[in-house]
Structures are given as structure tokens and as C-alpha cells.
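What follows draws every value from the coordinates through simple rules; no lab data is involved. What you see is a predicted model, and the numbers here were worked out from it, not measured in a lab. Quick reminder, even Gly has a Cβ in these numbers, built from the backbone with ideal geometry, and neighbours come from all protein chains shown.
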Amino acid sequence: MQVKAVAKDTGISAQKLRLIANMVRGKKVEEALNILKFTPTPNAIAIAKVIKSAASNAENNYQLAPSDLRITRILVDKGPHLKRFRAKARGQAGPILKGSSHITVIVADQEG
């Protein structure tokens, strides 16, 4: 059985999160959380939160054992941009696009 958890509008760009998501794709939940715990970037905390949420959803809603769960899919999609402007020379303005992203984690038990 597949169980999903989603985090929307994280304040981190999708490009930065995809690098971390690729490290844990296809791993067991316990192993993935251990990898993220020792990853030297604060962006790993956002992905770890969603993985914990998906594992918790599977355990509480569907009575699946957390030790049997594996990350089957992890998606990082682009979210809306915060658009800001910075003053430039001669009265011009330069755009600043602050990216956000949506993280989706799908976990499933071993036999599923």
C-alpha cells in the first residue's frame, strides 16, 4: 500500500532540494533519515520532515510497520516565486526571484 505526504510552498528552491532528494530515492525510511541526519545542509531537514510525516501516516492510518517502509517516489516540484526588485544603476531595477517548491514523498511497504 502506498502512503503519501506533501509539503507545499517550502522556502527553498526546487533545484537545491532535488540534489538531496536524489540521495534518498529508493532507500528504506530508516536508512534515508540516517543519511539526511548527517547531510551537511539545512535543506535536508525539510525533506526529512516530509519523510517522517509519510512514515507516520502509514503507521497511524494504515497500521504498517515503519521498519518495512521504503521510499518509492520522491518528487520536488517548483512552487510560486516571490518576485522582488533590487535597485540598479541609472534608475533601473533588477529582478530577484525567490523560489519555493513542493515536496511529495510516497512510501510503500516491502511487498507492495
| Taking interchain pairs and intrachain pairs at least six residues apart, which have beta carbon atoms under 8 angstrom, with the first residue in region 48-65 and closer than 14 Å to GLN110 by Cβ and without any contact (Cβ under 8 Å) to a residue 60 or more places away in the chain and the second among the hydrophobic types (A, V, I, L, M, F, W, C) and crowded, with 16+ Cβ neighbours inside 10 Å? | ALA55/VAL29; ALA55/LEU69; ALA55/VAL107; ALA58/VAL3; ALA58/LEU64; ALA58/LEU69; ALA58/VAL107
| query | Of these, ALA87, ALA21, ALA55, ALA46, which one is small (Gly, Ala, Ser), more than 17 Å from ASP9 (Cα to Cα) and in contact with a strand residue (DSSP E or B) (Cβ under 6 Å, 6 or more places away or on another chain)? | reply | ALA55
| query | Within region 31-44, how many residues are closer than 18 Å to ALA58 by Cα and touching a helix residue (DSSP H, G or I) at 6+ places or on another chain (Cβ under 7 Å)? | reply | 2
| query | Which of the residues belonging to region 29-69 are in a loop (DSSP other than H, G, I, E, B) and either out of contact with any Asp or Glu (no Cβ under 9 Å at 6 or more places or on another chain) or surrounded by 15 or more Cβ atoms within 10 Å (Cβ to Cβ) (or both)? | reply | PHE38, THR39, PRO40, THR41, PRO42, GLN63, LEU64
| query | Applying the selection to region 88-112, what residues are in a strand (DSSP E or B), among the small types (Gly, Ala, Ser) and over 26 Å from ALA44 (Cβ atoms)? | reply | ALA93, GLY94
| request: Among what's in region 1-21 and is over 10 Å from the mean Cα position of the chain (by Cα) and closer than 25 Å to ALA65 by Cα, pick the residue that is surrounded by the most Cβ atoms within 10 Å (Cβ to Cβ). | output: VAL3
| query | Across region 70-112, what is the number of residues that are surrounded by 13 or more Cβ atoms within 10 Å (Cβ to Cβ), under 18 Å from LYS28 (Cβ atoms) and of a type in the set (S, T, N, Q)? | reply | 1
| request: Sort out which residues of region 76-87 are of a type outside the set (Val, Ile, Thr) and in a strand (DSSP E or B), and write them in order of number. | output: ASP77, LYS78, LEU82, LYS83, ARG84, PHE85, ARG86, ALA87
